[in-house]
Amino acid sequence: MKQIGVGILGFGTVGAGVADGLLKHRDVMAKRLDVDIALKRIADLDITTDRGVAVPEGVLTTDASSVIADPDVRIVVETIGGTGIAKKLVLDALNAKKCVVTANKKLLAEHGREIFDAAAANGVDIYFGASVGGGIPIIRVLREGLAGNEIESIHGILNGTCNYILTRMENEGLPFDVVLKDAQRLGYAEADPSLDIDGFDTAHKACILTALAYGFQPTLDQVQVEGIRNLSGTDVRYAADFGYRIKLLAVVARDGDEVEVGVHPTLIPFSHMLANVNDAFNAAMVKGDMSDYTMYYGRGAGRQPTASTVVGDIGDIARNLAHGETRYVRGAPCYAEGNVRLRAAGDIFSKSYVRFMVADRPGAFGLIATILGKHCVSISAATQKESGESGFVPVVALMHRAKASALEAALAEIKASGVVSEDPIRLRMI
Ligand code: HSE
């Protein structure tokens, strides 16, 4: 049986999980894949902290370049994260004609093209299965299982930290900060948790899925991104009154030759499968023109689930290398130009939830309905709570599908009319 050597760059949460998985499952992987995958080297600046993995003598080093240069290392695993040194080392590894496995969504979302071009130029593979969905092999699904489909839409809960926070806030009424600390302790959150809670981690993943589905990758500044930092418990409760749960949802959906890409806290009916994805779990619902709806569910964050997908990628590459092949680099580049373009934010249609603080006087609600109607926005349901001391009452209205620019214009006119005391809160719905 041929042996393929692996080097890991970054011995943190995920890197340690990968090392553990490779050491623990070496024999079973050899039987399944007909290749002996040997963990040869691990580089990290800190090689003294105990990571709970019994690493063989001589494997650990502080010198990442020596791992890349090691002739026994054919596959380089990047589990450092970020776009600084991780980018340099990934490019160094590709240019040294090593295959690369990374879980680094930020790196691929921001520099994917450069990295994929470097892989192709050097005739080596880059796998990135764990960059979206943690333990769910959704990337493999899009690259292989659904390769014969036109992808019509992808709806995803793609950030374990946000889903964990939303679930516990909803179920236990706990404050945001307390739950965020628990998510960090459990190893779900990014080093900079604003990437999670402000929606950018989900957006990075949506950009990668867009590239796989449609052959072009939007940049983060082209995508509408809203996080959960400012989501109020009031809206979580009102949404529940209407039969909806709020989730941070990534949408990648095609309509003709345009693709909508966005990340928003979104009301999802209780009966919808995505509304029942809780805690740190992730899910992606993909609609293909042939497959119809398919759904993928699993742990989207954490050491073991993420490492599971990284180890799966390593296994695939090792098997291919043992048989003298590369899998994706020839014939299936991720960034093949597609014939679709990004839809402008204002042109996106969706149903909406809007909460107004409305002056408690005759005709106020009527004025709001009139302005909405003028902009072709139609109310599908509404509820008004009893008046408080302030003279303003919360009115929550659900809107039928409407164009974003029309709803925005209506809300601006309502605000300017003086009939509301504060900016209306608008959330999307599916
Ligand atoms: N911080 C990410 C999350 C890790 O919470 O989902 C997995 O990408």
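Compared with the dominant Cα axis of the chain, that is its longest principal axis, helix 105-122 is turned about 40°. Legend: residue pairs K40/K88; K106/K385; K98/K181, Cα-Cα distance threshold 32 Å; pairs beyond threshold, K106/K385; K98/K181. Using 0.36 nm per residue and subtracting the Cα-Cα separation, the extra length available between D221 and N95 on full extension is 42.4 nm. Sites count as exposed loop sites when they are chymotrypsin sites (Phe, Trp or Tyr not before Pro), lie in a DSSP loop, and have at most 16 other Cβ atoms within 10 angstrom; the longest stretch of the chain without one is 1-269. Take the solvent-accessible surface of the protein heavy atoms, probe 1.4 Å, and return the percent of it on the chain that carbon and sulfur atoms account for. C and S fraction of accessible area: 50 percent. Were the residues from D46 through M290 laid out at 0.36 nm apart, the gain over their Cα-Cα distance would be 82.9 nm. When you restrict to C-alpha pairs under 8 Å that are six or more residues apart and normalise by the size of the chain, the relative contact order lands at 16 percent. Residue order by solvent-accessible surface for K247, K105, K385, K181 is K181, K385, K105, K247, largest first, with ligands and nucleic acids left out and a 1.4 Å probe.
Could you tell me which residue out of V178, F242, A364 lies farthest along the dipole of the chain toward its positive end? Charges go on the beta carbon: Lys and Arg +1, Asp and Glu -1, centred on the Cα centre. Highest projection toward the positive end goes to F242. Between R229 and K2, what is the FRET efficiency for a Förster distance of 45 Å, r being their Cβ-Cβ separation, to the nearest 0.05? My answer for the efficiency is 0.35.
Spatial offset of region 39-58 relative to region 151-203 amounts to 30 Å, using the alpha carbon center of each.
Centre-to-centre separation between the Cα atoms of region 214-252 and those of region 103-130: 27 Å.
Here the sum of -39500 (n - 2.57) over DSSP H runs of 4 or more residues, divided by the residues of the chain, equals -11000 deg cm²/dmol at 222 nm, to the nearest 500. Structural descriptor for region 345-429: relative contact order 48 percent, calculated from alpha carbon pairs under 8 angstrom and at least 6 residues apart. Between Y127 and V100, V101, T102, the built amide H atoms are under 5 Å apart, and every one of these is 5 or more places off in sequence or on another chain.
Listed by chain and number, the lysines whose C-alpha is less than 22 Å from the C-alpha of K374, apart from same-chain residues fewer than 8 away, are K351, K403, K415. For region 370-385, putting each phi into the Karplus relation 6.51 cos²θ - 1.76 cosθ + 1.60 with θ = phi - 60° gives couplings of 5, 5, 4, x, 4, 9, 6, 9, 10, 7, 9, 7, 8, 8, 10, 8 Hz, in residue order, rounded to whole numbers and with x for Gly and Pro. One decimal place: the segment T370-V28 gains 116.4 nm when fully extended, by the rule 0.36 nm per residue minus the C-alpha distance. When a/c reaches 1.5 or more, the comparison of a/b and b/c decides; with that in mind, is region 22-127 rounded, prolate or oblate per its Cα gyration tensor? In terms of gyration-tensor shape, oblate. Rounded to the nearest whole Hz, the Karplus-based 3J(HN,Hα) values (6.51 cos²θ - 1.76 cosθ + 1.60, θ = phi - 60°) of region 306-322 follow the sequence 5, 4, 4, 6, 4, 5, x, 4, 4, x, 5, 5, 4, 4, 5, 4, 4, with x at glycine and proline.
Between A54 and L186, the modelled labels are 3.0 nm apart [label points 7 Å from Cα along Cα→Cβ]. Rolling a 1.4 angstrom probe over the protein heavy atoms with all chains in place gives the chain an accessible area of 42 Å² per residue. Each residue of region 39-52 was assigned a 3J(HN,Hα) from its phi angle through the Karplus expression (A = 6.51, B = -1.76, C = 1.60, θ = phi - 60°), giving 6, 9, 9, 9, 10, 7, 5, 10, 10, 9, 4, 6, 9, x Hz with x at Gly and Pro.
The values are calculated or read from the model by the stated rules, or taken from the named source; none is laboratory data. These numbers were taken from a predicted model, which means no experiment stands behind them. Every residue, glycine among them, receives a Cβ derived from its backbone with ideal geometry; neighbour counts consider all protein chains shown. For the accessible areas, the whole protein counts, side chains as well, though only heavy atoms, and no ligand, DNA or RNA atoms are used. Shrake-Rupley method; radii C 1.70, N 1.55, O 1.52, S 1.80 Å.
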